[in-house]
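I have placed the structure first, in the form of structure tokens, so that the comments after it can refer back to it.
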Amino acid sequence: MPLKGYEKDFLIHLVKTGAIKFGTFKLKSGRISPYFINIAAAMNTGVDALKIADAYVAKIVELGTDFDYIHGAAYKGIPLSALVAVRLSEVHQIDKRWGYDRKEKKAHGVPAEELIIGDLRDGDTVLIVDDVITTGATKAEAWSKLTVVRKVRPKGILVAVDREELSDDDKELLEATNLRMYSILKITEIFDFLLNKEIEGGVYVDEKVNKDFEEYFGKHGRKC
């Protein structure tokens, strides 16, 4: 299926800002990947940050705005949650509360903010925003912090890029917590779109880069 306009603009922005790179990269998991994604690189200026936020907002409007609270998973999700809340309000006149979690429990200050910063309320339906998803464990952990603080329901998790590497165990973990996963782009869509395509005078995914990806994806990919 061809990319929609906002998806294409989003991908080209990732490429032009170097937020997605192609080569040889060692991931936190220890895997050697032929690409690397760092959404922060696409948000270095106000204008760039708005482009990222607007892509998230476009996807959210497609999914439906039947949620109460936007949660930014620390750390990349923190600016995303604020920006998305602002753009939903400015562009669509949809006002949502937002907040984020701490990586470590705060030992001082307001007790209610030991784990979560924001006006999270009992009964809220929550949309989590983050940069990428590789495993289900980190997303389930983010959700568990919310459920410790309040009685909440999940709308789901929205990420910029799905690496399409979730194992069966990861999927079961997300299903056990009723967490649905959504993405603006899937990694296979990115490579399909960029293959031999010239962007501002350069080809980022040629036959060799694509072959390296196919070999990697053949080992680790879990395309649905």
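A short reminder: the numbers here are calculations on the coordinates, not readings from a lab. What you are looking at is a predicted structure, and each value in this text was computed from that prediction instead of being measured. FYI the Cβ positions are ideal-geometry reconstructions off the backbone, even for glycines, and counts take in every protein chain you see.
To the nearest 20 debye, what is the magnitude of the charge dipole of the chain about its Cα centre, counting +1 on the Cβ of each Lys and Arg and -1 on the Cβ of each Asp and Glu?
Working: 34 positive and 36 negative charges, 84 e Å.
Its charge dipole is roughly 400 debye.
What are the DSSP H helices in the chain that stretch 24 Å or more along their long axis, judged by alpha-carbon atoms, and whose average Kyte-Doolittle hydropathy comes to at least 0.5?
Details: long enough: 46-63 (26 Å, 0.91).
Helices meeting the span and hydropathy rule in the chain are 46-63.
Looking only at the chain, where both bridge partners belong to it, what percent of the DSSP beta bridges are antiparallel (to the nearest 5)?
Details: 10 of 32 bridges.
Here the antiparallel bridges make up roughly 30 percent for the chain.
Quick one, can you get me the convex hull of the C-alpha atoms of the range 78-224 expressed as volume per residue in Å³? Can you show the working numbers first?
Details: hull volume 22.6 nm³, N = 147.
Here the figure is 153 Å³ per residue.
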